[in-house]
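Let me begin by presenting the structure, written as structure tokens, before commenting on it.
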Amino acid sequence: MRIGFVINDYDREESYFTTTRLALQALQMGHEVYYIAVQDFSYTASGQMGAHAKKRRLKNSGAPRYLWKRSLR
């Protein structure tokens, strides 16, 4: 399943945030996880809303804090 998580800011996301913990659990369960920062939302010329998402990957399952702090930038 593809799951998108809306976050406030990539640079301020911390490993202890609920969103990060949910995303990490979803990754460990085999889901595709995407982060969408608030600033990534926009309206199209036709008035529809859209957003750009960044795919998160589980690089090192033994170090989630390292994974999230380094991979968000």
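Conditions: (1) modelled with pLDDT under 90; (2) in contact with a His (Cβ under 6 Å, 6 or more places away or on another chain). Residue 62 meets all but one. Number of the miss?
(2)
I'd like to know if the stretch 13-26 contains one or more residues that are at pLDDT 90 or above and part of a strand (DSSP E or B).
Among the residues of the stretch 13-26, not one is at pLDDT 90 or above and part of a strand (DSSP E or B), which makes the answer no.
In the stretch 30-47, what residues are of a type in the set (A, V, I, L, M) and either part of a strand (DSSP E or B) or under 16 Å from residue 19 (Cβ atoms) (or both)?
Listed by number, the residues that qualify are 33, 36, 37, 38.
Assess whether residue 50 counts as being assigned to a loop (DSSP other than H, G, I, E, B), surrounded by fewer than 15 Cβ atoms within 10 Å (Cβ to Cβ) and at pLDDT 90 or above.
Taking the combined requirement at face value, the residue does not satisfy it.
Go through the stretch 11-27 residue by residue and tally those that are of a type outside the set (A, V, I, L, M, F, W, C) and in contact with a helix residue (DSSP H, G or I) (Cβ under 9 Å, 6 or more places away or on another chain).
The number of residues fulfilling the criteria is 6.
Can you give me the number of residues within the stretch 1-46 that are exposed (fewer than 11 other Cβ atoms within 10 Å of the Cβ), aromatic (Phe, Trp, Tyr) and in contact with a strand residue (DSSP E or B) (Cβ under 9 Å, 6 or more places away or on another chain)?
Count: 1.
The values are calculated or read from the model by the stated rules, or taken from the named source; none is laboratory data. Keep in mind that what you see is a predicted model, and the values were worked out from it rather than measured. All Cβ positions, even for glycine, are placed from backbone atoms using ideal geometry, and neighbour counts span all protein chains on display.
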